[in-house]
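Participant: Before anything else, here's the structure in question.
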Amino acid sequence: MIPIDEKHIIKKLKAGDNEAYKYIYDYHYVALCKLSYYLLKDRVQAESIVNDVIFHLWEVRDKLELVPPLRNYLIIAVRNKCLNYLALKQQETEIRFSTIEQAGIQLQNIVSDNEHPLGNLLKEELESKIHESINKLPPACKQVFTMSRFREMSYEEISRELGISVNTVKYHIKSALVILKKELGTFLCIIFAFYPTLLL
């Protein structure tokens, strides 16, 4: 059954009322994360996509023709974004394998120490380079990125622990990814082989 106040919520949303934004999180976030996780089997990425969808809704709220129930719109948006992510990930995987093969390196020889004695040394070198690059991030950016990628905390958990908004968490994550991808550019193909979700 459609909540009796969703038409009012939509009006408040279009007016830029933060209470409407909070309503979407309170009543739809968990269900959307379950849907996203079902499609992706990746908790961190699932939550990231749901946050992106809700934030995008907020950004373009005055341009959309929304009608109750809001969950219908949100489910379609999350589903489409998940499918786009999976398609892009498949393309990136194909490109990474192609790039590695063109360089004369077989991926299985890199990730398996038993078959490639230099694999462990390469991984140690990459870890050193990654941590060196992360340490160059601005302090707040570094803290949020570390909590997300190494402690596997959700945006909501980081927000609560640091006392900042979810949007601020997202800003720091996106800033970190831009900086790290630029800093680690020449290592990206190999980094994706060892740490496929680190820079996604």
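Throughout, read-outs are computed from the coordinates displayed, never taken from laboratory work. If you're wondering where the values come from, they're calculated on a predicted model, not measured in any experiment. Don't worry about glycine lacking a Cβ; one is built from the backbone with ideal geometry, like all the others, and counts go over all protein chains shown.
Participant: Of 14/170; 12/174; 41/129; 142/181; 41/81, which pairs sit farther than 20 Å apart, going by alpha carbon to alpha carbon? All intermediate terms of the calculation are to be shown ahead of the outcome.
Facilitator: Numbers: 14/170 22 Å; 12/174 28 Å; 41/129 28 Å; 142/181 14 Å; 41/81 14 Å.
14/170; 12/174; 41/129, as the Cα separations exceed 20 Å there.
Participant: Compute the separation of the alpha-carbon centres of the stretch 25-54 and the stretch 138-168 and state it in Å as a whole number.
Facilitator: 17
Participant: As an exercise, identify the chymotrypsin sites (Phe, Trp or Tyr not before Pro) in the stretch 50-91 lying in DSSP coil whose Cβ has no more than 15 other Cβ atoms within 10 Å.
Facilitator: Numbers: sites: 55, 58, 73, 85; in loops: none.
Hits after loop and neighbour filter: nothing returned.
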